[in-house]
Amino acid sequence: MSADALWGPATEAAYCAYIDDGAGPVVDGDFGPATIRATQPAIGVTVDGRWGPDS
């Protein structure tokens, strides 16, 4: 996929294929709480499902 700085379906699919660890986000193109919870352990912040300054 090409870099376009947007989180869309292609990014979601690539992310889920690379990092899952049982998080179970559904590939729907939405950067929602399930995606945020799955991302937070990978970047080493507290898992709370909310995107904030630490995330």
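Quick check on this structure: which one of 13, 3 is open to solvent by 80 Å² or more (accessible area, probe 1.4 Å) and either modelled with pLDDT under 80 or small (Gly, Ala, Ser) (or both)?
Of 13, 3, the one residue that is open to solvent by 80 Å² or more (accessible area, probe 1.4 Å) and either modelled with pLDDT under 80 or small (Gly, Ala, Ser) (or both) is 3.
Under 8 Å between Cβ atoms, which residue pairs at least 6 apart in sequence (or on different chains) link something in segment 30-49 that is in a loop (DSSP other than H, G, I, E, B) with a partner that is hydroxyl-bearing (Ser, Thr, Tyr)?
45/55
Among (1) modelled with pLDDT of 85 or more; (2) aliphatic (A, V, I, L, M); (3) surrounded by 13 or more Cβ atoms within 10 Å (Cβ to Cβ), which single condition is residue 43 missing?
(3)
The values are calculated or read from the model by the stated rules, or taken from the named source; none is laboratory data. These figures come from a predicted structure and were not determined experimentally. In this analysis, Cβ positions are derived from the backbone assuming ideal geometry, glycine residues included, and neighbour counts consider all displayed protein chains. For accessibility, only protein heavy atoms count, side chains too; no ligands or nucleic acids. Shrake-Rupley method; radii C 1.70, N 1.55, O 1.52, S 1.80 Å.
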